[in-house]
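Participant: Handing you this structure, nothing more for now.
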Amino acid sequence: MTVSNYPLTTITAHKQYSEMTDMPSAQRSTVRDAYPTRLASAPASLTQPRRDAVVKGRELSGPLSQEQLDEFERKGFLFIPNLISGEELEALRKEMKSLMNNDAYRDKEFSVTEPESHEIRSLFAVHKLSERLGQLASDERLAGAARQIIGDDPYVHQSRINYKPGFAGKGFNWHSDFETWHAEDGMPNMHAVSASLILTDNHEFNGPLMLIPGSHLEFVPCLGETPEDNHKSSLKAQEVGVPSPEALTQLVSKYGIEAPKGKAGGLLLFDCNTLHASNANLSPDPRSNVFFVFNRPDNRCVAPFAAPKQRPSFLAHGADDRWAPDA
């Protein structure tokens, strides 16, 4: 069985877009920053209210029910167990192993390795490296769900495989992806959603993703100037663009923490601004997922809001990106 690849239907969406995101990109880059971050001094408040709607395409076709969209809007994420199984799942797992064991990718800029074992921990631009994963990125079960959430047919802003080996897989600090994409890639507004298809069983001992439900409704400005080429270190351990302990304490006290777990084949959808983190993998069982970030075409990146220059295109694809591994 192959991955389903239904062509995305052209839809005239009843868009709930802001005046700012309707502007041409050249003009938009000069508009006041709606989400200031990487500040020199602490802001007056630990968080600021979100300015963008969460679910913007309820009337559009797609696989999600209104109840599922309600849950996503309330929590900032939605876990769908058993989305794929059987031969389809096994084919994707084989594809993942082939990509992660490809020595030609091991020391490239678009791969991240574990310090001790030199195993590939993350591999980026996988929808460009693999025809099968390119098909998965346009699969209606993923891209259609993204359409309903962001309110328009999406494009892939970023894709990657994450692999956390048993006993050796490292954790990752609390962060909002949007904070990084806004500061370092120039993503203007919160009109993106991540789709993480888990390829191995996720349980409480192998470092599952932890999320703060409701945190997507509050933006956390972070302190500290973005260093030159920050991505070279932040992909291994994020130190800049992380919320303060005070902000995290306030948000966890208000909302709590959840860690969706389940069998391989489940899909986790989460808002670009939902705070998340993961612990180290202390079990013998590896944890892996294939991950797509879907962005809205009118929210394509402009000049970075808090970095000297944009990150490389393997981390931040454009809607018409032609990135190749030898580029």
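The values are calculated or read from the model by the stated rules, or taken from the named source; none is laboratory data. Not measured: the values here are computed from a predicted model. Cβ sites come from the backbone with ideal geometry, for glycine too, and all protein chains shown count toward neighbours.
Participant: Check the range 283-297 and report whether any residue there is more than 19 Å from Leu199 (Cβ to Cβ) and over 15 Å from the mean Cα position of the chain (by Cα).
Facilitator: Within the range 283-297, one or more residues are more than 19 Å from Leu199 (Cβ to Cβ) and over 15 Å from the mean Cα position of the chain (by Cα).
Participant: Is it the case that some residue within the range 73-83 is farther than 27 Å from Cys222 by Cβ, among the polar types (S, T, N, Q), in a loop (DSSP other than H, G, I, E, B) and at pLDDT 95 or above?
Facilitator: yes
Participant: Given the condition assigned to a helix (DSSP H, G or I), surrounded by 12 or more Cβ atoms within 10 Å (Cβ to Cβ) and among the aromatic types (Phe, Trp, Tyr), answer yes or no: does some residue in the range 94-112 qualify?
Facilitator: Scanning the range 94-112 turns up at least one residue that is assigned to a helix (DSSP H, G or I), surrounded by 12 or more Cβ atoms within 10 Å (Cβ to Cβ) and among the aromatic types (Phe, Trp, Tyr).
Participant: Something else: Report every pair of residues separated by at least 6 positions or lying on different chains whose Cβ atoms are under 8 Å apart, first residue within the range 130-146 and more than 16 Å from Ile198 (Cβ to Cβ), second buried (at least 21 other Cβ atoms within 10 Å of the Cβ) and basic (Lys, Arg).
Facilitator: Qualifying pairs under 8 Å: Gly134/Lys128.
Participant: Of these, Ala42, Ala53, Ala13, which one is small (Gly, Ala, Ser) and at pLDDT 95 or above? Don't jump to the end; show me each part of the working.
Facilitator: Values: Ala42 fails: at pLDDT 95 or above; Ala13 fails: at pLDDT 95 or above.
When all the criteria are applied, what remains is Ala53.
Participant: Please tell me if Leu69 is hydrophobic (A, V, I, L, M, F, W, C), modelled with pLDDT of 95 or more, surrounded by 17 or more Cβ atoms within 10 Å (Cβ to Cβ) and assigned to a loop (DSSP other than H, G, I, E, B). Walk me through how you get there before you give the answer.
Facilitator: On the way: hydrophobic (A, V, I, L, M, F, W, C): yes; modelled with pLDDT of 95 or more: yes; surrounded by 17 or more Cβ atoms within 10 Å (Cβ to Cβ): yes; assigned to a loop (DSSP other than H, G, I, E, B): no.
In short, no.
Participant: Out of curiosity, is Gly171 under 27 Å from Tyr105 (Cα atoms), among the small types (Gly, Ala, Ser) and surrounded by 23 or more Cβ atoms within 10 Å (Cβ to Cβ)? Talk me through it step by step, then tell me what you get.
Facilitator: Numbers: under 27 Å from Tyr105 (Cα atoms): yes; among the small types (Gly, Ala, Ser): yes; surrounded by 23 or more Cβ atoms within 10 Å (Cβ to Cβ): no.
Considered against the rule, which asks whether it is under 27 Å from Tyr105 (Cα atoms), among the small types (Gly, Ala, Ser) and surrounded by 23 or more Cβ atoms within 10 Å (Cβ to Cβ), Gly171 comes out as no.
Participant: If you don't mind, another one. If you check Tyr6, Tyr35, which single one turns out to be modelled with pLDDT under 95, touching a helix residue (DSSP H, G or I) at 6+ places or on another chain (Cβ under 6 Å) and part of a loop (DSSP other than H, G, I, E, B)? Walk me through how you get there before you give the answer.
Facilitator: Working: Tyr35 fails: modelled with pLDDT under 95.
Answer to the selection: Tyr6.
Participant: So, in the range 16-32, exactly how many residues are at pLDDT below 50 and surrounded by 12 or more Cβ atoms within 10 Å (Cβ to Cβ)?
Facilitator: Within the range 16-32, the subset at pLDDT below 50 is 16-29.
Retained after the next criterion (residues that are surrounded by 12 or more Cβ atoms within 10 Å (Cβ to Cβ)): 16-18, 20-21, 23, 25, 28-29.
Qualifying residue count for the region: 9.
Participant: To continue, here is another question. Identify, by number, the condition in (1) out of contact with any Lys or Arg (no Cβ under 7 Å at 6 or more places or on another chain); (2) closer than 27 Å to Ala143 by Cα that Leu282 doesn't meet.
Facilitator: Here Leu282 meets the rest and fails (2).
Participant: Something else: Assigned to a loop (DSSP other than H, G, I, E, B) and of a type in the set (A, V, I, L, M), is that true of Val252? Working first, answer last.
Facilitator: Working: assigned to a loop (DSSP other than H, G, I, E, B): no; of a type in the set (A, V, I, L, M): yes.
When the stated conditions are applied, Val252 does not pass them.
Participant: Sticking with this one: Can you pull out the residues in the range 294-327 that are aromatic (Phe, Trp, Tyr), modelled with pLDDT of 90 or more and either in a loop (DSSP other than H, G, I, E, B) or surrounded by fewer than 16 Cβ atoms within 10 Å (Cβ to Cβ) (or both)?
Facilitator: Taking the range 294-327 first, the residues aromatic (Phe, Trp, Tyr) are 294, 305, 314, 323.
Applying the additional criterion that residues be modelled with pLDDT of 90 or more yields 294, 305, 314.
Result: Phe305, Phe314.
Participant: Scan (1) surrounded by fewer than 22 Cβ atoms within 10 Å (Cβ to Cβ); (2) closer than 23 Å to Arg50 by Cβ for the single condition Cys272 breaks and write down its number.
Facilitator: Condition (1) is where Cys272 drops out.
Residues checked against (1) at pLDDT below 95; (2) part of a loop (DSSP other than H, G, I, E, B):
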residue	(1), (2)
Ala264	no, yes
Ala280	yes, yes
Ser283	yes, yes
Phe292	no, no
